[in-house]
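Data first, discussion second: the structure below is written as structure tokens.
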Amino acid sequence: MEIPNKPNTVKSTDSIKFSDEEMLELSSIRTSYEKITLGLGQCQIQKREIESNESKILAQLKKTEEQEDEFLKQILTKYGEGTVNQDTGVFTPKSA
């Protein structure tokens, strides 16, 4: 970590040891960055899992829609146009 040279700062060419307080703060900052990096990595893994699950669910949706279309074609061929009460299973033909 490079420290920019600002006015009113130490300009010695000798190395200077940070105080314990400064080292604690530096350590805290580094730890925060490590936690952030870990958190972002975990989010990316979860995102991939969600995308994978979404793809599977969308494939199931497509299959179900295709199944519904085929069923409706069969019903239309067998009974003609009308409505069905899904709770009772009673089909009512459409009035001409």
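Overview of results
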read-out: Helix-only mean residue ellipticity at 222 nm for the chain, each DSSP H run of n ≥ 4 adding -39500 (n - 2.57), per residue, nearest 500; value: -23500 deg cm²/dmol
read-out: Correct choice for Cα extents along the principal axes in Å that was computed from the model, options [x] 28, 28, 26; [y] 59, 27, 15; [z] 99, 23, 20; value: [z]
read-out: Mean-position separation - Cα centroids, region 27-51 and region 69-96, in angstrom; value: 54
read-out: Under 19 Å between alpha carbons - lysine pairs in the chain that sit 8 or more apart or on different chains; value: 7
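Values in this text are rule-based calculations from the coordinates and carry no lab data. Keep in mind that what you see is a predicted model, and the values were worked out from it rather than measured.
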